[in-house]
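Following: one structure in structure tokens, then a few remarks.
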Amino acid sequence: MEFIGRERELTRIKKTLKVTEQRNVLIYGRRRVGKSELIKQALTDLPDVATVYYECRQTSEADNLESLSVLVAEALNFPPLAFTGIRELIEFLFAQAKDKNITLVLDEYPYLRDAVKGLDSILQTSIDAHREDSRLNIVLCGSYVEIMKSLIEHESPLYGRIDLALELKPMDYFDAAKFYPAFSPEDKVRLYSVFGGIPFYNRLIDQSQSVRDNIIELVTEPGARLESEEPSYLNAEISKMTNANEVFGALAQGYSRWGDVLAQSHVSSGPAMADVLDKLMSLEIVQKRAPINDPTNKRKSGYFVVDPLSLFYYRYVFRNASARQLLDPEVFYDRHVFQDFEENYVPHMFEEICRQYLVRQNRTGKIEPAFDAIGKYWYDDPANKTSGEFDVVTQDPEGYAFYEAKFRKSPITQKMVDEEIAQVEATGLKCHRYGFFSRSGFEAGESDRTVFIDLPQMFGDISIIEKAERLCRSAF
């Protein structure tokens with residue numbers, strides 16, 4: 001199976017583990033994000049390293065010890081080994097690594113941590129004792145983000161002993177599209193809008209079928225492969241929290257302001273909703289976002305679902321659960337998904353894809369000047385007694401740059417460009433650059449303060465600077 005993306009993360013892990021000294025790596029992130037595959041890929045590129053890869057279990061210390069002992073014996077070519085406890089096994093590995101490189105991977109470490117009392121301290125004691133005389137690398141991996149983050153906090157016994165802490169995030173739209181290269185740029189936008197940047201989901205996409213058929217078979221029809229992926233993930237994390245599904249459902253319908261979410265979700269009190277939102281944010285499937293021009297204003301901040309599959313599921317499947325059980329899967333999709341998906345959902349997700357494009361370009365030095373912030377811009381227009389926000393605005397040393405994203409069937413015309421710029425300037429926002437993203441191309445001419453970006457450019461990774469240079473060359 002081809003390994004896709006994660007080049008930067010692979011480089012960092014291999015660089016840390018290649019040294020002939022004791023090193024400790026912490027890798028964490030939400031379920032299905034590709035942590036285990038990333039570790040395995042990194043280990044394949046490390047020569048002359050004996051590897052013990054163990055997926056910890058939600059069982060007793062004795063059961064985990066027995067299974068781990070078998071793997072240690074196999075990796076080091078020893079006869080069957082018996083240890084009195086995890087502490088003895090760890091000490092044995094440190095001793096064996098005095099003159100050779102050994103890597104111990106404890107995947108889903110929180111399970112073993114729950115089974116072995118004081119495991120963090122056991123590791124800390126052995127690391128401190130053998131830091132200078134052993135070449136054992138320890139990789140701790142886990143999906144419980146809060147627990148894994150706590151391992152590098154000051155109160156943890158492992159504080160100061162982790163050489164590389166890596167939080168693995170979902171892939172952006174560009175890397176996610178590498179899982180389904182046969183689709184058109186338009187359909188890649190649609191697929192990312194549903195399956196996001198989770199490698200496990202994207203590997204399930206059948207490139208011989210349409211986007212519609214993939215969504216039906218994987219998400220919306222009863223018994224679909226990913227039918228229970230989101231509710232089971234959420235329920236496992238928030239099962240003890242009342243009204244969590246209602247809050248998530250309100251967010252999925254587009255309500256983002258505190259008061260609106262509170263009213264739509266029917267939560268009994270503000271503190272109760274705060275608990276739910278805090279938990280959803282700790283799971284990194286909801287983010288709180290403030291205006292780029294007023295970052296401390298709580299009244300103007302909003303809460304947004306940032307996991308596409310969760311957003312899609314609660315917007316269409318969870319909301320229409322009864323109709324889904326009564327209708328043919330294709331009829332359900334055409335009646336309850338298709339129109340809103342094309343006219344509202346995908347265009348909204350396209351804005352997020354455009355933000356990701358700008359961030360990717362910015363990080364690789366392809367936007368000049370590089371911006372320091374990206375987000376929404378809140379404006380008040382007292383003269384017309386209106387207020388609102390622009391969805392994609394960046395801020396750099398020269399000021400603001402405004403971007404408009406249009407996922408529509410017709411090209412962007414010069415009239416549309418002029419009207420959009422006039423609307424922005426009427427609010428008092430002055431920008432040194434106006435950018436336009438278009439699904440269907442342009443019937444307008446670029447100028448020294450406008451830049452046009454189409455889908456082939458977004459998926460071909462042509463930079464804004466390169467586009468400007470081409471424009472200059474064509475003028476002479």
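The values are calculated or read from the model by the stated rules, or taken from the named source; none is laboratory data. In this text the structure is predicted, and so the values were computed from the model without any measurement. Cβ placement follows ideal geometry from the backbone for every residue including glycine, while neighbour counts extend to all protein chains displayed. The area values use the complete protein model at the heavy-atom level, side chains included, leaving out ligands, DNA and RNA. Shrake-Rupley method; radii C 1.70, N 1.55, O 1.52, S 1.80 Å.
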Screening Tyr377, Tyr400 for residues that are in contact with an Asp or Glu (Cβ under 7 Å, 6 or more places away or on another chain), aromatic (Phe, Trp, Tyr) and part of a strand (DSSP E or B) leaves only Tyr377
Expected single match for open to solvent by 20 Å² or more (accessible area, probe 1.4 Å) and in contact (Cβ under 8 Å) with a residue 40 or more places away in the chain among Glu389, Glu420, Glu425 is Glu389
Criterion first (farther than 22 Å from Gly445 by Cβ and surrounded by fewer than 19 Cβ atoms within 10 Å (Cβ to Cβ)) does Arg408 satisfy it?
no
Residue, surrounded by the most Cβ atoms within 10 Å (Cβ to Cβ), within region 301-338, restricted to residues that are within 30 Å of Tyr379 (Cα to Cα) and of a type in the set (A, V, I, L, M):
Leu311
Looking at (1) within 24 Å of Val346 (Cβ to Cβ); (2) among the aliphatic types (A, V, I, L, M); (3) modelled with pLDDT of 90 or more; (4) not in a strand (DSSP E or B), find the lone condition where Ile421 falls short.
(1)
Could you say which residue among Glu55, Glu66 is open to solvent by 80 Å² or more (accessible area, probe 1.4 Å), within 25 Å of the chain's Cα centre (by Cα) and at pLDDT 95 or above?
Glu55
Meets criteria (in contact (Cβ under 8 Å) with a residue 24 or more places away in the chain, within 28 Å of Ser143 (Cα to Cα), buried (at least 19 other Cβ atoms within 10 Å of the Cβ) and hydrophobic (A, V, I, L, M, F, W, C)) for Val267:
no
Please work out if Thr84 is open to solvent by less than 80 Å² (accessible area, probe 1.4 Å) and either assigned to a helix (DSSP H, G or I) or of a type outside the set (A, V, I, L, M, F, W, C) (or both).
no
Arg8 - would you say it is open to solvent by 20 Å² or more (accessible area, probe 1.4 Å) and under 31 Å from the mean Cα position of the chain (by Cα)?
yes
Phe371 versus (1) farther than 21 Å from Val346 by Cβ; (2) open to solvent by 50 Å² or more (accessible area, probe 1.4 Å); (3) not in a helix (DSSP H, G or I): which is the lone unmet condition?
(2)
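Identify all residues within region 147-175 that are in contact (Cβ under 8 Å) with a residue 40 or more places away in the chain and assigned to a helix (DSSP H, G or I); write none if there are none. Please lay out each step first, then the result.
Looking only at region 147-175, we keep the residues that are in contact (Cβ under 8 Å) with a residue 40 or more places away in the chain, and these are 148-149, 151-152, 158, 161-175.
Matches in region 147-175: Met148, Lys149, Tyr173, Phe174, Asp175.
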Filtered residues of region 205-224 (kept if closer than 18 Å to Tyr192 by Cβ and assigned to a loop (DSSP other than H, G, I, E, B))
Ile205, Asp206, Gln207, Gln209, Ser210
The lone exception for Asp128 - which of (1) free of Cβ contacts under 8 Å to residues at least 40 places away in the same chain; (2) open to solvent by less than 60 Å² (accessible area, probe 1.4 Å); (3) acidic (Asp, Glu) it fails:
(2)
Going through Tyr233, Tyr201 one at a time, which residue ends up being modelled with pLDDT of 95 or more, within 16 Å of Leu311 (Cβ to Cβ) and of a type outside the set (Val, Ile, Thr)?
Tyr201
Which one of these does Gly118 not meet: (1) under 18 Å from Pro157 (Cβ atoms); (2) crowded, with 20+ Cβ neighbours inside 10 Å?
(2)
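Evaluate the following for Thr386: is it closer than 26 Å to Glu7 by Cβ, at pLDDT below 95, polar (S, T, N, Q) and out of contact with any helix residue (DSSP H, G or I) (no Cβ under 9 Å at 6 or more places or on another chain)?
No: the conditions fail for Thr386.
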May I ask you to list the residues in region 13-38 that are open to solvent by 80 Å² or more (accessible area, probe 1.4 Å), over 18 Å from the mean Cα position of the chain (by Cα) and closer than 30 Å to Leu226 by Cβ?
none
Based on this model, can you work out whether Gln41 counts as open to solvent by 40 Å² or more (accessible area, probe 1.4 Å) and over 19 Å from the mean Cα position of the chain (by Cα)?
yes
Members of region 16-48 found to be hydroxyl-bearing (Ser, Thr, Tyr) and either in a strand (DSSP E or B) or within 18 Å of Glu132 (Cβ to Cβ) (or both), listed by number
Thr16, Thr20, Tyr28
For region 341-360, indicate whether the set of residues that are open to solvent by less than 30 Å² (accessible area, probe 1.4 Å), among the hydroxyl-bearing types (Ser, Thr, Tyr) and either assigned to a strand (DSSP E or B) or modelled with pLDDT of 90 or more (or both) is non-empty.
yes
